Amino acid sequence: NGHHASSRGALIVLEGLDRSGKTLQSSRLLSYLEGERIPVELWRFPDRSTCVGQMISSYLSNKSELDDQTIHLLFSANRWEKRSLMETKLRSGTTLIVDRYSYSGVAFSSAKGLNIEWCKAPEMGLLAPDLVVYLDIPPEKAAARGGYGGERYEQLEFQRKVAQYYQILHDATWKSVDACLPIEDIEKRLRELAMDCVTTCHKGKPLSQLWL
Ligand code: 2DT
């Protein structure tokens with residue numbers, strides 16, 4: 001089945017506005033890949049389980065205040081502290097599905113008014129995704145889904161700005177999927193994209209680094 005000792009896993013990232021369906025679709029993709037007997041784990045950023053993650057969590061739930069630069073760097077540090085484990089997993093053949101990554105980091109902080117190049121700088125050298133699936137939803141439609149939990153950033157005006165910055169970050173590894181399609185259609189498209197990506201990585205596509 002093409003799976004040999006040296007084959008690595010794929011780094012698959014899901015991005016999109018709040019309420020675009022990332023979390024639902026990543027867990028469905030996880031079950032699917034498990035069913036296909038592909039070694040796979042589901043990760044998410046921020047990873048709230050670490051010390052840095054707890055500072056981020058407290059900020060997001062409005063229990064603490066930090067200036068925009070500081071929280072930006074904490075989000076980045078939260079990815080850096082997982083980088084070596086990420087590399088180990090990928091090299092040992094485990095595919096990672098990651099719910100939010102550096103693109104969220106840059107889009108959300110830029111939407112606050114921070115310089116986009118400044119925002120990208122601390123992400124340089126993190127592992128580059130093999131596939132970024134952008135769940136594309138108009139900010140109004142996302143807001144109409146309800147369920148904004150009252151965390152910082154969960155406001156229509158702000159999400160509009162985030163959407164604009166996501167568009168700027170759009171590059172060749174991105175695949176946009178219409179997040180307003182029926183859940184099953186999105187799921188099917190994601191399976192196809194993920195399987196293609198896993199195959200390419202198994203065949204020896206090298207791991208690369210972000211924005212260098
Ligand atoms: P969820 O845990 O519900 O996805 O919300 N964010 C996320 C940033 O501002 N920078 C980042 O680097 C990342 C990963 C997006 C997390 C919130 O934190 C924002 C929504």
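Looking at Leu85, is it under 26 Å from Arg8 (Cα atoms), over 16 Å from the mean Cα position of the chain (by Cα) and not in a loop (DSSP other than H, G, I, E, B)?
Judged against the criteria, Leu85 is a match.
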Residues of the range 23-68 being more than 11 Å from the ligand (Cβ to nearest atom), assigned to a helix (DSSP H, G or I) and either in contact with a Pro (Cβ under 7 Å, 6 or more places away or on another chain) or under 18 Å from Val98 (Cβ atoms) (or both), in sequence order, are Leu24, Gln25, Ser27, Arg28, Leu29, Leu30, Ser31, Tyr32, Leu33, Glu34, Val52
Show the residue pairs meeting these rules: Cβ distance below 8 Å; 6+ apart or different chains; first residue within the range 91-102 and within 16 Å of Leu42 (Cβ to Cβ); second residue in a strand (DSSP E or B) and near the ligand (Cβ under 9 Å from one of its atoms). Val98/Arg44; Asp99/Arg44; Arg100/Arg44
Scan the range 101-115 residue by residue and report those that are more than 14 Å from Leu210 (Cβ to Cβ) and not small (Gly, Ala, Ser). Phe108, Lys112, Leu114, Asn115
Do we find that Ser20 is away from the ligand (no atom under 13 Å from the Cβ), assigned to a loop (DSSP other than H, G, I, E, B) and out of contact with any His (no Cβ under 6 Å at 6 or more places or on another chain) in this structure? no
Go through the range 163-201 residue by residue and tally those that are more than 12 Å from Asp18 (Cβ to Cβ), assigned to a loop (DSSP other than H, G, I, E, B) and modelled with pLDDT of 95 or more. 3
Mind checking whether some residue in the range 87-103 is within 19 Å of Gly149 (Cβ to Cβ) and modelled with pLDDT of 95 or more? yes
Whether any residue in the range 8-29 is over 18 Å from the mean Cα position of the chain (by Cα) and either in contact (Cβ under 8 Å) with a residue 60 or more places away in the chain or over 18 Å from Trp80 (Cβ atoms) (or both) is what I want to check. yes
Say we look at the range 69-111 and pick out the residues that are charged (D, E, K, R) and more than 9 Å from the ligand (Cβ to nearest atom); which of these is farthest from Cys197 (Cα to Cα)? Glu81
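The values are calculated or read from the model by the stated rules, or taken from the named source; none is laboratory data. Because the structure is a prediction, the values reported are computed rather than measured. Glycine also receives a Cβ, built like all others from the backbone with ideal geometry; neighbour counts cover every protein chain displayed.
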